[in-house]
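Trainee: So that we are looking at the same thing, I have put the structure below in structure tokens.
The values are calculated or read from the model by the stated rules, or taken from the named source; none is laboratory data. Just so we're clear, the structure is a prediction, and the values are computed from it rather than from any experiment. Please note: Cβ atoms are built from the backbone with ideal geometry, for glycine as well, and neighbour counts cover all protein chains shown.
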Amino acid sequence: MSLQRVHAARLAIVLAALAALVGASPVRRSLVLISIDGLRPGDVLDADRYGLRIPNLRRLLREGSHAEAVTATTPAVTYPSHTTLVTGVGAARHGIAHNRPFDPLGRNADGWFWYTEDVRAETLWDAAARAGLTTGAVDWPVSVGAAIDFNIAQYWRANEPALADGAKLTRALSTRGLLAEAEEAIGPYPGGYDGIQDDERRAAFVAYLLKAKHPSLQLAYFSSLDEARHRTGPESSFAFQTLERIDRLVGDLRAAAQRATFGRAVVAVVSDHGFTLTNRELDLNEALHAGGLLQLDSAGRVRGWRAAAWGEGGSAGIVLRDPHDDDARRRVRRILEDLRSRPDSPVDRFEEAPASLTPGGSPGEAFTVFLSLDTRLVDARSGVVVRSAYPAGDHGHDPRRSEMDATFLIAGPGIAPGANLGRLDMRDVAPTIAGVLDFPLPDAEGHDRLGATAVARNDR
């Protein structure tokens, strides 16, 4: 054989090996989207002020682009916000209006909006699939039944997230066989939500999917910072210690993504809302009961209603059973005006929708109520409308308040280092992610805030 033929044969072998390597482990267009529930932009931007040791989040800030703040959706609570993060539309359009469906008579047993079939807008995973990309998710909110290729869904028994069969429920609702496969490789999946140790276990499953499945878009959700801030306040030592441990998970997942993609993965960190410290409680349903609009039995259960409050945290909607019940509408307006006029009002402001835009007896809100930043909503129906309460963190307040601002960081190949994107609308996140992965999200209300000038499209 001639020397030329020997070189040609060797080149063919090398090219075949490279082709096999690329085919076995896709390296193009890969992004990991990590949500840290309750992460405030100041936690990262002003980490030194709080004495926070979060080198991995600070590295993302230094090496990539970031928002000064992200204006939260309305309401600024977990399920509506996470649905906006993956659709690019607001809650009024995507349909996940609160964490829980409207249920004044208690027939849904305190269930949440777990099911993707309730989402009325195209998601990132739908658009990615249309572009021929694979997707993965671990514990992403509103993911039961999602068309995600490798999905470990978020679900728990209402009011009992740590029941003995929780793992079986998760296996049944996730991609068939996926959780059993992963558990065989790395051990048991957490059965509930009991702090940072459960996030650490879930992070191991995210890393497993990155290594074993190579999704082009991988979603990951961590809840423990939100849990800590609800329990002990936004700036407690416990909350900051939890964030420092989550920071290590961010570093671990970034390293896992880089190994899986030969250094070509983009990593984005987002959050759903900020936090405030509350020390009062407002029971709007008790106020409606006192105003003759909500009928209760001797146990405090609703047996009839003309108006009912629906929400959590720092905001609520008030639904009219009949949108044309002008008397009920006037009574609700008077109740809210009276609360708002108090010298130390528990109500920051409220909005009223006209009857023509308010469907009766359904989740069409006639009024949207934003509570004062020191006040949280309860539904105790115990005879007390406003009362002092133990200090606790909360959110869901007016998204125009900076305390409700969320976070956006992104770094990786083609992302401009050190770029400040200014203030984003939460609806901008999904089209920005779609832009990095180079597929359209035409129904989004937000905009790609990186664009071709910030992302080197030809680098993929």
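Trainee: Do we find that Thr123 is in contact with a strand residue (DSSP E or B) (Cβ under 9 Å, 6 or more places away or on another chain) and either of a type in the set (S, T, N, Q) or modelled with pLDDT of 95 or more (or both) in this structure? Before the answer, list the steps.
Mentor: On the way: in contact with a strand residue (DSSP E or B) (Cβ under 9 Å, 6 or more places away or on another chain): no; either of a type in the set (S, T, N, Q) or modelled with pLDDT of 95 or more (or both): yes.
Taking the combined requirement at face value, the residue does not satisfy it.
Trainee: Then there is this: What number of residues within the stretch 126-141 are in a loop (DSSP other than H, G, I, E, B) and under 17 Å from the mean Cα position of the chain (by Cα)? If you could, list the steps in order and put the result at the bottom.
Mentor: Here is the first cut: in the stretch 126-141, the ones in a loop (DSSP other than H, G, I, E, B) are 131-134, 139-141.
Those still in the list that are under 17 Å from the mean Cα position of the chain (by Cα) too: 139-141.
Number satisfying all stated conditions: 3.
Trainee: Here is a follow-up. Can you tell me which of (1) over 20 Å from Pro55 (Cα atoms); (2) among the aliphatic types (A, V, I, L, M); (3) buried (at least 23 other Cβ atoms within 10 Å of the Cβ) is the one Ala212 doesn't meet?
Mentor: With (1) over 20 Å from Pro55 (Cα atoms); (2) among the aliphatic types (A, V, I, L, M); (3) buried (at least 23 other Cβ atoms within 10 Å of the Cβ) applied to Ala212, the lone miss is (3).
Trainee: Glu117 is checked against (1) modelled with pLDDT of 90 or more; (2) of a type in the set (Asp, Glu); (3) touching a Pro at 6+ places or on another chain (Cβ under 9 Å) and fails just one. What number does that condition carry?
Mentor: Unmet for Glu117, out of (1) modelled with pLDDT of 90 or more; (2) of a type in the set (Asp, Glu); (3) touching a Pro at 6+ places or on another chain (Cβ under 9 Å): (3).
Trainee: Could you count how many residues in the stretch 259-271 are outside any loop (DSSP other than H, G, I, E, B) and surrounded by fewer than 18 Cβ atoms within 10 Å (Cβ to Cβ)?
Mentor: First pass over the stretch 259-271, keeping only residues outside any loop (DSSP other than H, G, I, E, B): 259-261, 266-270.
Still in the running and surrounded by fewer than 18 Cβ atoms within 10 Å (Cβ to Cβ): 259.
Qualifying residue count for the region: 1.
Trainee: Separate question: Can you work out which of the residues in the stretch 295-329 that are among the charged types (D, E, K, R) and part of a strand (DSSP E or B) is surrounded by the fewest Cβ atoms within 10 Å (Cβ to Cβ)? Outline the logic, then answer.
Mentor: Of the stretch 295-329, the ones among the charged types (D, E, K, R) are 297, 301, 303, 306, 312, 321-322, 325-327, 329.
Keeping just the survivors that are part of a strand (DSSP E or B) gives 303, 312.
Details: Arg303: 11, Glu312: 19.
For the stretch 295-329, the residue satisfying everything is Arg303.
Trainee: Look through Gly300, Gly314 and report the one residue that is under 30 Å from Ser65 (Cβ atoms) and outside the structural domain of Pro75 (by TED's automatic domain parsing). Can you show your working first?
Mentor: Working: Gly300 fails: under 30 Å from Ser65 (Cβ atoms).
Being under 30 Å from Ser65 (Cβ atoms) and outside the structural domain of Pro75 (by TED's automatic domain parsing) holds for just one of Gly300, Gly314, which is Gly314.
Trainee: Could you please let me know if Pro431 is assigned to a loop (DSSP other than H, G, I, E, B), closer than 30 Å to Thr135 by Cβ and in the same structural domain as Leu450 (by TED's automatic domain parsing)? Steps first, answer last, please.
Mentor: Working: assigned to a loop (DSSP other than H, G, I, E, B): no; closer than 30 Å to Thr135 by Cβ: yes; in the same structural domain as Leu450 (by TED's automatic domain parsing): yes.
It is false that Pro431 is assigned to a loop (DSSP other than H, G, I, E, B), closer than 30 Å to Thr135 by Cβ and in the same structural domain as Leu450 (by TED's automatic domain parsing).
Trainee: Could I ask something else about it? So which residues in the stretch 93-119 are small (Gly, Ala, Ser) and surrounded by fewer than 20 Cβ atoms within 10 Å (Cβ to Cβ), if there are any at all? Can you show your working first?
Mentor: Step one: of the stretch 93-119, the residues small (Gly, Ala, Ser) are 95, 97, 106, 109, 111.
Within the stretch 93-119, Gly95, Gly106, Ala109, Gly111 qualify.
Trainee: Just checking, does the stretch 413-431 include any residue being modelled with pLDDT of 95 or more, under 20 Å from the mean Cα position of the chain (by Cα) and over 21 Å from Gly38 (Cα atoms)?
Mentor: The answer is yes, given that some residue of the stretch 413-431 is modelled with pLDDT of 95 or more, under 20 Å from the mean Cα position of the chain (by Cα) and over 21 Å from Gly38 (Cα atoms).
Trainee: Have a look at Ala204, Ala182, Ala257, Ala212 and point out the one that is in contact with a Leu (Cβ under 8 Å, 6 or more places away or on another chain) and closer than 27 Å to Ala430 by Cα.
Mentor: Numbers: Ala204 fails: in contact with a Leu (Cβ under 8 Å, 6 or more places away or on another chain); Ala182 fails: closer than 27 Å to Ala430 by Cα; Ala212 fails: in contact with a Leu (Cβ under 8 Å, 6 or more places away or on another chain).
One residue alone meets the criteria, Ala257.
Trainee: Also: Taking the stretch 330-385, which residues are farther than 28 Å from Asn279 by Cβ, assigned to a loop (DSSP other than H, G, I, E, B) and touching a residue at least 24 places away in the same chain (Cβ under 8 Å)? Spell out the reasoning first.
Mentor: We begin by selecting, within the stretch 330-385, every residue farther than 28 Å from Asn279 by Cβ; these are 330-331, 352-364, 366.
With assigned to a loop (DSSP other than H, G, I, E, B) added as a condition, the list becomes 353-354, 358-364, 366.
Within the stretch 330-385, Thr358, Pro359, Gly360, Gly361, Ser362, Pro363, Gly364, Ala366 meet the criteria.
Trainee: If you don't mind, there's one more thing I want to ask. Residues Val369, Val384: which one is exposed (fewer than 15 other Cβ atoms within 10 Å of the Cβ), in contact with a helix residue (DSSP H, G or I) (Cβ under 7 Å, 6 or more places away or on another chain) and in the same structural domain as Gln295 (by TED's automatic domain parsing)?
Mentor: Answer to the selection: Val384.
Trainee: Quick one: which residue in Gly233, Gly191 is on the phi < 0 side of the Ramachandran plot and either of a type outside the set (A, V, I, L, M) or touching a residue at least 40 places away in the same chain (Cβ under 8 Å) (or both)?
Mentor: Details: Gly233 fails: on the phi < 0 side of the Ramachandran plot.
Only one candidate passes the filter, namely Gly191.
Trainee: While we're on this one: Considering only the stretch 43-55, how many residues are assigned to a helix (DSSP H, G or I) and either touching a Phe, Trp or Tyr at 6+ places or on another chain (Cβ under 8 Å) or on the phi > 0 side of the Ramachandran plot (or both)?
Mentor: Within the stretch 43-55, the subset assigned to a helix (DSSP H, G or I) is 43-45, 47-50, 55.
When the remaining residues are screened for being either touching a Phe, Trp or Tyr at 6+ places or on another chain (Cβ under 8 Å) or on the phi > 0 side of the Ramachandran plot (or both), the result is 43, 50.
Of the residues in the stretch 43-55, 2 are assigned to a helix (DSSP H, G or I) and either touching a Phe, Trp or Tyr at 6+ places or on another chain (Cβ under 8 Å) or on the phi > 0 side of the Ramachandran plot (or both).
Trainee: Being surrounded by fewer than 24 Cβ atoms within 10 Å (Cβ to Cβ) and of a type in the set (Gly, Ala, Ser): is that true of Gly274 here? Walk me through how you get there before you give the answer.
Mentor: On the way: surrounded by fewer than 24 Cβ atoms within 10 Å (Cβ to Cβ): no; of a type in the set (Gly, Ala, Ser): yes.
No.
Trainee: Inside the stretch 60-85, can you point out the residues that are touching a His at 6+ places or on another chain (Cβ under 8 Å) and of a type outside the set (S, T, N, Q)? Show your work before the answer.
Mentor: At the first step, the residues of the stretch 60-85 found to be touching a His at 6+ places or on another chain (Cβ under 8 Å) are 60, 72, 75-81, 83-84.
Selection gives Leu60, Ala72, Pro75, Ala76, Val77, Tyr79, Pro80.
Trainee: Still on this model: Of the residues that make up the stretch 120-141, is at least one surrounded by fewer than 24 Cβ atoms within 10 Å (Cβ to Cβ), touching a His at 6+ places or on another chain (Cβ under 9 Å), over 19 Å from Val270 (Cβ atoms) and not β-branched (Val, Ile, Thr)?
Mentor: Yes: the stretch 120-141 contains one or more residues that are surrounded by fewer than 24 Cβ atoms within 10 Å (Cβ to Cβ), touching a His at 6+ places or on another chain (Cβ under 9 Å), over 19 Å from Val270 (Cβ atoms) and not β-branched (Val, Ile, Thr).
Trainee: Still on this structure, please answer the following. Which members of the stretch 444-459 meet the condition of being modelled with pLDDT of 95 or more and either charged (D, E, K, R) or outside any loop (DSSP other than H, G, I, E, B) (or both)?
Mentor: Once the filter is applied, which keeps residues that are modelled with pLDDT of 95 or more and either charged (D, E, K, R) or outside any loop (DSSP other than H, G, I, E, B) (or both), the stretch 444-459 yields Glu445, Asp448, Arg449.
Trainee: What's the number of the only condition in (1) in contact with a Pro (Cβ under 6 Å, 6 or more places away or on another chain); (2) assigned to a helix (DSSP H, G or I); (3) buried (at least 22 other Cβ atoms within 10 Å of the Cβ) that Asp198 fails to meet?
Mentor: The single condition Asp198 does not satisfy is (3).
Trainee: Quick check: anything in the stretch 162-180 out of contact with any His (no Cβ under 6 Å at 6 or more places or on another chain), touching a residue at least 40 places away in the same chain (Cβ under 8 Å) and part of a loop (DSSP other than H, G, I, E, B)?
Mentor: The first filter runs over the stretch 162-180 and keeps only residues out of contact with any His (no Cβ under 6 Å at 6 or more places or on another chain), leaving 162-180.
Okay, now just the ones that are also touching a residue at least 40 places away in the same chain (Cβ under 8 Å), so none.
Looking through the stretch 162-180, none of the residues is out of contact with any His (no Cβ under 6 Å at 6 or more places or on another chain), touching a residue at least 40 places away in the same chain (Cβ under 8 Å) and part of a loop (DSSP other than H, G, I, E, B).
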